[in-house]
Ligand SMILES: Cc1cc2nc3c(=O)[nH]c(=O)nc-3n(C[C@H](O)[C@H](O)[C@H](O)COP(=O)(O)OP(=O)(O)OC[C@H]3O[C@@H](n4cnc5c(N)ncnc54)[C@H](O)[C@@H]3O)c2cc1C
């Protein structure tokens with residue numbers, strides 16, 4: 001279908017984008033367009049103005065500063081996938097980007113667009129939860145920082161005001177983390193995706209963070225699995241026991257033409273085990 005008529009404005013700076021966003025209650029940011037444009041074509045989204053942020057240098061690139069890694073929101077999935085810095089310092093993030101869609105999607109789609117859109121089957125949210133990322137956001141009222149664990153609130157619903165832009169995601173370097181995903185064959189969205197990150201000292205797991213996507217309306221942590229891992233040795237019995245309770249107690253599991261709720265529930269355990277095995281292999 002053809003979208004309804006809209007105005008197109010290209011911002012050249014972050015502040016100009018915020019000013020353009022604030023000047024109309026029906027304005028929307030356009031990044032890679034790979035979620036927004038399909039919605040507009042279906043007329044599920046009918047913005048009056050599109051503010052293109054695709055050429056703002058401040059929101060692009062991957063850097064290390066004061067021991068933290070930062071990925072600009074305008075960085076494409078392909079740039080994340082092929083980043084030498086991420087491959088060295090946080091390989092799980094590059095792995096995740098390489099699992100998204102197909103080459104066209106990865107060449108256009110951006111980290112910020114994926115996080116803001118918060119599709120229930122999107123990949124990055126699970127990984128951002130596991131690596132405990134925080135998002136730097138700028139809007140009409142200035143800057144604020146939101147932790148990934150507070151950002152994803154419901155299906156397509158995040159902690160972001162209409163005049164705010166995600167500028168970057170920041171996190172500590174991490175080796176012992178892995179992402180395991182059951183692909184939907186056509187789109188490659190996650191039927192189930194699990195990201196696991198582990199901290200081990202003196203041979204025992206000190207902390208664990210598990211992010212789950214595809215299971216319910218939005219990405220969540222799995223605290224029961226995390227608790228089951230703490231204080232244990234990172235070995236197969238520990239992984240099997242923790243994966244065995246993954247998804248327990250989770251209500252309103254998604255059910256659609258790709259997978260029933262019962263199948264998804266079973267796959268949460270399988271992919272939690274795989275993600276944990278991947279994280280342990282990187283210790
Ligand atoms: C065929 C196909 C397959 C796909 N497969 C997968 C997959 O396997 N896994 C997966 O995770 N995703 C998948 N996607 C989605 C893809 O990753 C999109 O690129 C992503 O969801 C949106 O990013 P974008 O840059 O294209 O955002 P856009 O479509 O431009 O924008 C999406 C939304 O985010 C807002 N927005 C954009 N940037 C910002 C920002 N910096 N701050 C605040 N708001 C912002 C926009 O206003 C809009 O509401 C697929 C998409 C397609 C079309």
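Readers should treat all values here as calculations from the given coordinates under stated rules, not as data from a laboratory. Bear in mind that the values here come from a model prediction, so they are computed numbers and not experimental data. Counting neighbours? That spans all protein chains shown, and the Cβs are built from the backbone with ideal geometry, glycine included.
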Seminar exercise, completed: The alpha-carbon pair-distance distribution computed for the stretch 170-234, with 10 angstrom bins and whole-percent values, is 20, 44, 28, 8, 0
For this session: Measure of size requested: the Rg and Dmax of the stretch 1-134, with Cα atoms as the atom set and Å as the unit; please supply both.
Result: 15.4, 48
Exercise. Using the Cα atoms as the points, what is the convex hull volume per residue of the chain in Å³?
Worked result: 124 Å³
Exercise. In nm, what is the difference between 0.36 nm times the number of residues separating residue 2 and residue 26 and their Cα-Cα distance?
Worked result: 6.8 nm
Exercise. Which order do peptides 123-136, 76-89, 4-17 fall in by mean Cβ count within 10 Å, highest first?
Worked result: 123-136, 76-89, 4-17
Exercise. Using a basic spin-label model with each label point 7 Å from the Cα along Cα→Cβ, how many nm lie between residue 37 and residue 13?
Worked result: 2.9 nm
Problem set entry | Interatomic Cα distance distribution for the stretch 58-171, bins of 10 angstrom, percent | 15, 52, 30, 3
Exercise. Just the Cα atoms of the stretch 107-219, one point each, no solvent: what log10 I(q)/I(0) does Debye give at q = 0.11, 0.16, 0.23 Å⁻¹?
Worked result: -0.37, -0.75, -1.29
For this session: Just rank 159, 52, fewest to most, by other beta-carbon atoms within 10 angstrom.
Result: 159, 52
For this session: With N set to the residue count of the stretch 177-281, report its C-alpha Rg divided by 2.2 N^0.38 Å to two decimal places.
Result: 1.04
Problem set entry | Centre separation in Å (Cα based) which lies between the stretch 202-224 and the stretch 63-84 | 23 Å
For this session: Would you mind ranking 51, 105 so that the residue whose beta carbon has the fewest other beta carbons within 10 Å leads the list?
Result: 105, 51
Exercise. Based solely on its DSSP helices, what 222 nm [θ] is calculated for the chain when runs of n ≥ 4 H residues each add -39,500 (n - 2.57) and the sum is averaged over all residues, nearest 500 deg cm²/dmol?
Worked result: -9000 deg cm²/dmol
Exercise. What residue among 227, 64, 251 shows peak mean-square fluctuation when the chain is described by a Gaussian network model with Cα springs under 10 Å?
Worked result: 251
For this session: May I ask for the angle, rounded to the nearest 10°, between helix 261-281 and the longest principal axis of the chain, with both axes built from Cα atoms and the value confined to 0 to 90°?
Result: 80 degrees
For this session: Rank these for me by crowding, 143, 207, going from fewest to most other beta carbons within 10 Å.
Result: 143, 207
For this session: Please work out whether the stretch 50-91 counts as rounded, prolate or oblate from its C-alpha gyration tensor, where a ≥ b ≥ c are the square roots of the eigenvalues and a/c under 1.5 means rounded, while otherwise a/b larger than b/c means prolate and anything else oblate?
Result: oblate
Seminar exercise, completed: The Cα extents of the stretch 7-52 along the principal axes, largest first and rounded to whole Å, are 30, 21, 12
Exercise. Roughly what would the spin-label model give for residue 262 and residue 188, points 7 Å off Cα along C-beta, in nm?
Worked result: 3.2 nm
